Amino acid sequence: MPTKAPVKKTTKGTQKPVKKTVKKNAKKVTWDDIQEGFRELQELHKETERTLNKAIKETEKTLNKAIGGLSNTLGSLVEHIMTPDLPQKFKKLGYSFNRIVTYKIAEGVHAQIDGMLENGEQAVAVEVKTTLRQADIDEHLLRMEKIRKYADEHNDKRQFMGAIAAIITDKSTREYALKKGLFVIEPSGENVKVTRPMEEPRIW
């Protein structure tokens, strides 16, 4: 007779023991803890303020340096454009100026002039800009009105004309200045060139 295979016995309901978790009591926050937290916040605030003040001072230094450099650049630009050669350029256009003043303020009307070409009968007030914009032209036209007013108040019968000089210009802005009756002065190689207005120069 065939032998029966042994039957394995299985154990029912075998379960792993469950670990019991012990619930810890939350730590009580004391008044000392709150004070310590405030002290830490105050210290963090002070450190942030110190960092911010340092950043502001560094920014101010950088800005002042940039402004100083810009002022020096504009000063060099005025010196470059207002050279003894400039009267010669105007002489080719039929104007004779016997002197050039590089800096002048018309007192009482608050009109600062970067340069003035002068003779006994005529004068050209030159405004110098690094980049020429239409707003600069409009501002110079107002400046010319102030110069005329100042001249009248001081019995100055000369004819005044305006010129605007710039290193960087574009076609439309240049044409705007010329249409308004202003001379335009621009760099040309190692020197400068002067362009007459489209019509007759405007007289103030």
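For region 82-195, the Cα-based Rg and Dmax, in that order, read 13.5, 41 Å.
Sort the following peptides by mean Cβ neighbour count (other Cβ atoms within 10 Å, averaged over residues), highest first: 39-47, 159-167. Each step should come with its number before you reach the end.
On the way: 39-47: 10.0, 159-167: 22.0.
By packing density, highest mean first, the sequence is 159-167, 39-47.
Could you give me the ³J(HN,Hα) list for region 192-199, computed from phi with Karplus coefficients 6.51, -1.76, 1.60 and θ = phi - 60°, whole Hz, x at Gly and Pro? Karplus-based 3J(HN,Hα) across region 192-199 equals 10, 10, 10, 10, 6, x, 5, 9 Hz.
Every number here is computed from the coordinates shown, using simple stated rules; none is lab data. None of these values were measured; they are calculated from a predicted model. Cβ: placed from backbone, ideal geometry, glycine included. Neighbour counts: every protein chain shown.
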